[in-house]
Every structure is written in structure tokens, then in C-alpha cells.
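Undergrad: I have a structure here, written as C-alpha cells, and I will follow up with some questions on it.
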Amino acid sequence: MGVSPILLPWIDPLSVAATQHGKFALLYSSAKTIYSGRYSYLACDVTEVIESSDFSNFEKKLRADGSTFDNAWFGYLGYGLKNALEKLAPDDAGYIQLAKLHMLRPQHIYQFDHEQRTLTLWTKGEQAPTAPTHYTPMTLPAVKSLTSNMTRAQYISHAAQVIEAINRGDLYQANLTRKFMGEFEAAPDALALFARLCEVSPAPYSAFLQLGNTQIISSSPEMFLKLDASGHIRTRPIKGTAPRFSDAEKDTESRNGLGKSEKNRAENLMIVDLMRNDLSRSAALGSVAVESLFDVTTHATIHHMSSTITAQKADNRSALDIVRDCFPPGSMTGAPKIAAMELCSQLEKQERGVYSGAIGWFGGDGSCDLSVVIRTLVLQGSRFEFQVGGGIVADSTPEGELDETYQKARGILSCLGLPQDALADI
């Protein structure tokens with residue numbers, strides 16, 4: 001028996017999520033863009049869970065013989081899956097340890113159409129769950145501690161080492177990241193934390209994953225891979241960043257400066273070439289194309305530069321084949337990909353976890369839609385972690401790269417109730 005749709009009265013996704021128990025995934029479009037943001041999905045009443053250190057168990061379960069929501073899976077692919085794809089040394093354990101892959105198969109999938117204000121429940125059952133009431137977030141506790149896997153001075157030193165490696169010809173670009181770990185005074189209402197993040201940093205690829213004692217709280221603006229049932233592939237890597245300003249004139253100058261920046265255009269173009277190469281492994285011959293280049297988009301706390309690459313899937317390739325050929329997302333590694341991952345692992349000395357991986361869904365018709373995991377908090381009880389980084393190229397400066405990480409952390413800091421200079425002395 002396949003899934004069937006039930007039309008329900010409109011209610012916002014957070015209110016439906018607040019009624020759920022056990023594991024579930026909310027993929028929430030908290031901002032509309034020209035490329036995404038129309039639909040949100042809530043996958044709940046989970047019937048099967050896969051936690052793994054590689055793709056093998058998931059590959060056995062993933063089929064493409066039904067409709068989009070029949071045999072659909074929701075969850076995350078962690079950055080550490082790179083070790084199952086390439087011969088890379090394992091990273092040291094992180095502050096909060098997670099499975100490399102965590103996917104859920106739901107019985108019920110709510111589809112929220114924000115444009116039409118319609119709510120559809122896709123279910124294999126005949127009875128719809130009880131309608132939820134409006135959700136009111138709880139007050140959040142204060143943060144009592146915050147540390148990092150490297151000091152400010154160490155990050156500057158590591159960035160200088162990356163620049164030296166680029167000048168030697170070892171690589172062209174590397175995405176060096178820095179992890180921050182902390183603790184609240186008490187365990188917060190995780191959904192309230194997510195609601196606050198969506199308020200201060202709305203994005204088309206926001207996500208809340210309730211995974212037992214762990215919650216993934218994400219507000220990503222970046223599309224990793226989108227594949228429809230006809231085999232059309234789209235990716236939109238972000239590379240290039242400039243700060244927002246409250247002064248309108250300064251903000252416009254910052255946005256325009258990003259669009260003209262040779263450094264950021266070079267940084268972006270390298271990842272475009274990397275994604276074109278990755279997609280060509282699964283694409284029909286001659287179908288890979290750059291649809292747009294160096295687009296500048298404005299978000300609540302930052303300006304970004306992105307480009308769009310498209311392709312047509314080869315007949316003998318699956319959604320998971322495409323994901324593996326492109327994983328981890330090139331915007332989070334650098335180029336060449338393996339050399340960049342190896343160098344960053346040596347310098348970061350701690351596994352990234354879900355950060356730099358992907359969050360999203362795989363449909364039963366062979367489709368998928370995945371975001372790049374950035375602007376993300378991982379929560380376990382009162383403990384939390386988040387990570388920031390940036391692409392370093394030959395004309396980068398260590399101090400400039402450090403400043404960029406602070407810009408990217410603005411939304412997370414606001415969500416945590418911390419001042420914008422909270423990271424400066426760590």
C-alpha cells in the first residue's frame with residue numbers, strides 16, 4: 001500500500017513539531033529565495049532508523065520504485081563519511097559524538113506549502129493525527145561556558161600554514177574551520193532554540209532533527225544537491241562572504257564590494273570547477289552546465305556569493321551515487337578535495353561531526369533535496385557545539401579569515417543570547 005494524501009487545515013510547522021514524540025525531522029523553510037523556500041516537511045512516527053559509519057546499510061534500504069513520499073528517508077550525512085569514501089586518516093573524537101549517518105524512515109510526512117498556505121499529510125494509515133495547538137516557545141537558559149578547539153592565535157597560525165601550502169602548490173583552496181563548545185545553565189527547550197535561530201537568521205534550508213538525546217538545529221542558506229524524479233540535478237555552492245551593516249549605505253557598499261571582489265570570485269570559481277568535476281561522474285555526457293555565476297544574495301546577518309551548476313543524471317546512476325560522488329560538499333573542503341581535507345584534518349585535530357555534511361531527504365521516486373550543514377548547533381542536554389570556517393586562497397590574510405568566521409557566527413551568537421564579540425577572546 002502506497003502513501004495517500006490527506007488535506008488538513010493550515011497550521012505553522014513549529015506548532016506541529018511541538019506535538020511530536022520520539023525521533024522526527026523538521027525541514028523548515030524559514031525564508032523564501034528565488035531557488036528554494038516554498039515547502040517545509042515534517043517527517044514523524046518513525047518506523048525505521050539507520051545509524052552507520054558508511055553508506056552501505058542505507059544503500060540497501062533506499063529504493064526508487066514509488067512516489068516521492070513512499071519509502072522516503074530524512075536525516076543527515078555527517079562530514080566523517082568522507083573516510084568511507086576516500087583513504088583518509090580518522091579524525092579525533094569531537095565534543096559531542098554522533099553517528100556518521102543518521103536517517104529516519106517515517107510513517108507520516110507533513111508537507112507545508114508556504115506559498116499556497118496548504119498542509120498535506122502523506123500517510124500509509126487512514127486516520128490523521130490529532131490537530132496540534134499553537135506553539136509558544138519556552139524561555140531559554142543562559143550560556144554559562146564557551147570554549148574552542150583552537151585559540152584565536154592558533155586559528156591565525158593555522159590559516160597562515162594553509163596559505164603557505166597554497167603558495168607551495170600543494171592545493172588551491174582549503175576550508176579551515178573552528179569548533180566552539182559550551183554549556184547552558186540548564187538543558188534548554190531545543191525547539192525554542194530552533195525557533196530563535198530561525199527568527200534571527202532565517203534561511204531556506206532550516207532544519208530541526210530530534211534524534212533521541214541529540215538535537216540538530218540548523219539554519220543553512222546553502223543548497224548541496226537537489227535531484228528531481230526526471231533526473232535533473234542542481235547544486236548551488238556558496239563561496240564568498242561580506243558582512244551586513246545596519247547603515248543602509250555601508251550595507252550596500254559591502255554587498256557591491258563582494259560582487260566585485262577578485263578574491264571572492266576566485267574562491268567561488270574554484271568550487272564551481274570542483275562541483276562540475278564531481279557532478280560529471282554521475283551526469284549524462286555533456287549535460288553539466290553553469291547556470292549562473294557569482295550571484296550575490298543577502299541574508300539576515302551576512303551577504304553571500306553563490307553559483308548554480310546543473311546536470312542531467314546518467315541513466316545508470318542513483319540519487320545516492322550522485323551524493324557520494326559529490327560528498328563532502330566542495331564548498332566545505334577546498335580544492336583539490338582530498339589534499340584540502342587532509343590538511344584541514346591535521347590542523348583542526350577534531351572531527352567536524354554533522355557540520356560540513358548534508359541534511360535533507362531522499363524520496364521513493366529517486367529524488368533528493370539536501371542542504372550543506374552550516375549555521376548549525378548540535379545540542380545534547382545542556383551541552384552544545386557549533387562550527388565556523390571559510391575558504392582560504394592565495395591572497396587571503398589570516399586575520400581576514402578570522403574576521404570572516406566571526407561574521408558567520410553572528411546568527412548563532414544571537415540565538416544563544418551572547419554578544420557579537422563573545423568569540424573574540426577565546
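Undergrad: On the basis of being under 21 Å from the mean Cα position of the chain (by Cα) and touching a residue at least 40 places away in the same chain (Cβ under 8 Å), does A283 make the cut?
TA: Numbers: under 21 Å from the mean Cα position of the chain (by Cα): no; touching a residue at least 40 places away in the same chain (Cβ under 8 Å): yes.
No.
Undergrad: Do you know which residues across the stretch 223-237 are of a type in the set (D, E, K, R) and either at positive phi or surrounded by 24 or more Cβ atoms within 10 Å (Cβ to Cβ) (or both)?
TA: R236
Undergrad: Still on this structure: I'd like to check which strands (runs of 3 or more DSSP E) are fully inside the stretch 302-385 and have at least 2 residues that are among the β-branched types (V, I, T). Walk me through how you get there before you give the answer.
TA: On the way: elements: 302-312, 358-362, 368-372, 376-380.
Qualifying strands (runs of 3 or more DSSP E): 302-312, 376-380.
Table: residues versus (1) over 22 Å from F208 (Cα atoms); (2) in contact with a helix residue (DSSP H, G or I) (Cβ under 9 Å, 6 or more places away or on another chain).
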| site | (1), (2) |
| --- | --- |
| L42 | no, yes |
| S67 | yes, no |
| W73 | no, yes |
| D91 | yes, yes |
| R105 | no, yes |
| I109 | no, no |
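Undergrad: Does K263 fit the bill of being assigned to a helix (DSSP H, G or I) and more than 16 Å from S307 (Cβ to Cβ)?
TA: no
Undergrad: On to the next question. Among the residues of the stretch 1-40, write down those that are aromatic (F, W, Y), farther than 24 Å from Q215 by Cα and either crowded, with 21+ Cβ neighbours inside 10 Å or more than 22 Å from the chain's Cα centre (by Cα) (or both).
TA: W10
Undergrad: Would you confirm, using the coordinates I've provided, whether S292 is surrounded by fewer than 20 Cβ atoms within 10 Å (Cβ to Cβ), out of contact with any helix residue (DSSP H, G or I) (no Cβ under 7 Å at 6 or more places or on another chain) and either at pLDDT below 95 or part of a strand (DSSP E or B) (or both)?
TA: When the stated conditions are applied, S292 passes them.
Undergrad: Could you list, in sequence order, all residues of the stretch 327-355 that are out of contact with any Ser or Thr (no Cβ under 7 Å at 6 or more places or on another chain), crowded, with 24+ Cβ neighbours inside 10 Å, closer than 19 Å to N83 by Cβ and of a type in the set (G, A, S)?
TA: Correct list: G330, G334, G353.
Undergrad: Also, quick follow-up: Considering only the stretch 3-67, give the strands (runs of 3 or more DSSP E) lying wholly within it that have at least 2 residues that are closer than 22 Å to A203 by Cβ, modelled with pLDDT of 90 or more and not small (G, A, S). So that I can check it myself, show each step before the final result.
TA: Details: elements: 4-8, 24-28, 39-52.
Hits in the stretch 3-67: 24-28, 39-52.
Undergrad: Here is a further query. Find the strands (runs of 3 or more DSSP E) located wholly in the stretch 103-190 whose residues include 2 or more that are within 22 Å of S219 (Cα to Cα), of a type in the set (A, V, I, L, M, F, W, C) and out of contact with any Cys (no Cβ under 6 Å at 6 or more places or on another chain), and list them. Please lay out each step first, then the result.
TA: Values: elements: 118-123, 143-148, 173-184.
Qualifying strands (runs of 3 or more DSSP E): 143-148, 173-184.
Undergrad: Are any residues in the stretch 386-410 among the aliphatic types (A, V, I, L, M), within 24 Å of C198 (Cβ to Cβ) and in a strand (DSSP E or B), and if so, which ones? Walk me through how you get there before you give the answer.
TA: First, the residues of the stretch 386-410 that are among the aliphatic types (A, V, I, L, M): 388, 392-394, 402, 409.
Imposing the further condition that a residue be within 24 Å of C198 (Cβ to Cβ) reduces the set to 388, 409.
Once the filter is applied, which keeps residues that are among the aliphatic types (A, V, I, L, M), within 24 Å of C198 (Cβ to Cβ) and in a strand (DSSP E or B), the stretch 386-410 yields only V388.
Undergrad: Out of all the residues in the stretch 275-287, is one or more of a type in the set (S, T, Y), surrounded by 16 or more Cβ atoms within 10 Å (Cβ to Cβ), part of a helix (DSSP H, G or I) and modelled with pLDDT of 95 or more?
TA: Checked against the condition, which is being of a type in the set (S, T, Y), surrounded by 16 or more Cβ atoms within 10 Å (Cβ to Cβ), part of a helix (DSSP H, G or I) and modelled with pLDDT of 95 or more, the stretch 275-287 yields at least one hit.
Undergrad: Output the residues belonging to the stretch 199-222 that are more than 15 Å from A31 (Cα to Cα), of a type outside the set (G, A, S) and in a loop (DSSP other than H, G, I, E, B).
TA: Once the filter is applied, which keeps residues that are more than 15 Å from A31 (Cα to Cα), of a type outside the set (G, A, S) and in a loop (DSSP other than H, G, I, E, B), the stretch 199-222 yields only N213.
Undergrad: So which of S396, S371 is farther than 24 Å from F184 by Cα, under 18 Å from the mean Cα position of the chain (by Cα) and of a type in the set (S, T, N, Q)?
TA: Among S396, S371, only S371 is farther than 24 Å from F184 by Cα, under 18 Å from the mean Cα position of the chain (by Cα) and of a type in the set (S, T, N, Q).
Undergrad: Is it the case that S282 is farther than 17 Å from G390 by Cα and touching a Lys or Arg at 6+ places or on another chain (Cβ under 8 Å)?
TA: For S282, the condition - farther than 17 Å from G390 by Cα and touching a Lys or Arg at 6+ places or on another chain (Cβ under 8 Å) - is met.
Undergrad: Here are some residues: S206, S230, S246. Which one is touching a strand residue (DSSP E or B) at 6+ places or on another chain (Cβ under 7 Å) and of a type in the set (G, A, S)?
TA: S206
Undergrad: Between E115, E86, E164, which is within 23 Å of K337 (Cβ to Cβ), touching a residue at least 24 places away in the same chain (Cβ under 8 Å), surrounded by fewer than 16 Cβ atoms within 10 Å (Cβ to Cβ) and among the charged types (D, E, K, R)?
TA: After ruling out the rest, the residue left standing is E86.
Undergrad: Next question. Considering only the stretch 223-250, state which residues are closer than 26 Å to G334 by Cβ and assigned to a loop (DSSP other than H, G, I, E, B).
TA: Matches in the stretch 223-250: P237, R244.
The values are calculated or read from the model by the stated rules, or taken from the named source; none is laboratory data. Here the structure is a predicted model, which is why all the values come from computation and not from measurement. All Cβ positions, even for glycine, are placed from backbone atoms using ideal geometry, and neighbour counts span all protein chains on display.
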